[in-house]
Amino acid sequence: MLLVIGGPTAVGKSDLACLVAKKIGGEIISADSMTVYRGMDVGTAKPLECMKEVKHHLIDVVDPGDYFDAKIFEEMALRAVKEIESKGKVPVVVGGTYLYIQALLFGIEGTPKPDWKLRKKLYAVAKEKGSLYLYKKLKAVDPAYAEKIHPNDLRRIVRALEVFINTGRPFSSFHRWEKPRLPYKGYFLIRSWESLSKRIEDRLRSMLEEGLLDELRKLLKMGFKNFLTSPQAINYKEFVPYLEGKISFEEAFKEAVRNTKEYAKRQIRWFRRQGWREVDLDRLSMEEAADLIVRTFSSP
């Protein structure tokens, strides 16, 4: 059986998963759309210390800008589950990218391969008319998928439109949501909004102290600007204009905090709909929360 730990960004998922994995002899499968990228350590809050003690899967598997989606994640995560279980260990899935978690638990039907010619045309339309224009088009043909993504998430908007244009089927129709194919127990980590907001701001300050801007400069020199300015690259994209001298540091910081909080709200809405057991990290210490999860996960 899988143990799944989800929740909004900065809630404390990685720290708690590390404790739990050590207590039950598990290995961690990261369900995070950004930690898959090599070289993006500080800005994605990779659990580098825990990785020294507990084996992690699906971290540092592609370079920034390489194509990676929920289907690829599903395939790689399924292989990781089999590998972990073959050792007699427990797969501990942890992350906030709910599309990835959904893909692993329920499966995604194979979607068409990327149509780079059509994709180029769609990006050209977005450049001329804005991502919101394409988002409205997507909402008209696939409201279910549009509800799950941000109106500025151009990469996912373009992919969904590309699939619809080429197949005549909404992108959401390739997703299976009815019955999980893998047995699991899910836990949703919560904090008060006041507490979570403070943690988001404090974490960004810590990232900056740990060298976020140096990491960003290095990635930019490697030619990853287009990726680092995409909507999904929160904590990176906001500081690119600052490094280019277009906005102040304070403006970049505020924008990064705002974008992170908006993303956290979307995550909270999704996880609350799952009916998983809530674990309140304002009321429980990490050790207490870990013990609670271990007890309930181990019970029949």
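The values are calculated or read from the model by the stated rules, or taken from the named source; none is laboratory data. Note that the structure is predicted; figures quoted are calculated from it, not measured. Neighbour counts run over all protein chains shown; Cβ positions are idealised from the backbone, glycine included.
Some values worked out for this structure:
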item	result
Residue match in segment 66-78 (condition: assigned by TED's automatic domain parsing to the domain that holds Ala290, touching a residue at least 60 places away in the same chain (Cβ under 8 Å) and either closer than 25 Å to Leu220 by Cα or not small (Gly, Ala, Ser) (or both))	yes
Condition broken by Ile29, with the remaining ones in (1) under 19 Å from Gly7 (Cβ atoms); (2) of a type outside the set (S, T, N, Q); (3) part of a helix (DSSP H, G or I) satisfied	(3)
Qualifying positions in segment 198-218 - in contact (Cβ under 8 Å) with a residue 60 or more places away in the chain and either surrounded by 18 or more Cβ atoms within 10 Å (Cβ to Cβ) or on the phi < 0 side of the Ramachandran plot (or both)	Arg199, Ile200, Arg203, Met207, Glu210, Leu212, Glu215, Leu216, Lys218
Any chance Lys221 is under 30 Å from Lys120 (Cβ atoms), without any contact (Cβ under 8 Å) to a residue 60 or more places away in the chain and either outside the structural domain of Tyr37 (by TED's automatic domain parsing) or surrounded by fewer than 14 Cβ atoms within 10 Å (Cβ to Cβ) (or both)	yes
Answer from Leu48, Leu16, Leu58 - the residue that is within 16 Å of Ser285 (Cα to Cα) and either touching a residue at least 24 places away in the same chain (Cβ under 8 Å) or surrounded by fewer than 19 Cβ atoms within 10 Å (Cβ to Cβ) (or both)	Leu16
Residue list for segment 116-158, restricted to those being hydrophobic (A, V, I, L, M, F, W, C), at pLDDT 90 or above and over 25 Å from Pro64 (Cα atoms)	Leu138, Ala140, Val141
Exclusive hit being of a type in the set (Gly, Ala, Ser) and either farther than 18 Å from Val42 by Cα or touching a Ser or Thr at 6+ places or on another chain (Cβ under 7 Å) (or both), set Ser197, Ser230	Ser197
Extreme residue, surrounded by the most Cβ atoms within 10 Å (Cβ to Cβ), among residues of segment 243-300 that are over 22 Å from Phe188 (Cβ atoms) and among the charged types (D, E, K, R)	Glu255
Failed condition for Asp41, given (1) surrounded by fewer than 22 Cβ atoms within 10 Å (Cβ to Cβ); (2) within 20 Å of Glu278 (Cβ to Cβ)	(2)
Answer residue from segment 182-197, given it is part of a helix (DSSP H, G or I) and either outside the structural domain of Val92 (by TED's automatic domain parsing) or over 20 Å from the mean Cα position of the chain (by Cα) (or both) and is surrounded by the most Cβ atoms within 10 Å (Cβ to Cβ) among those	Ser195
Any hit, segment 263-270, residues being assigned by TED's automatic domain parsing to the domain that holds Ala17, in a helix (DSSP H, G or I) and over 23 Å from Ser33 (Cβ atoms)	no
Residue satisfying condition, being small (Gly, Ala, Ser), crowded, with 21+ Cβ neighbours inside 10 Å, under 22 Å from the mean Cα position of the chain (by Cα) and under 22 Å from Arg258 (Cβ atoms), within set Ala103, Ala146	Ala146
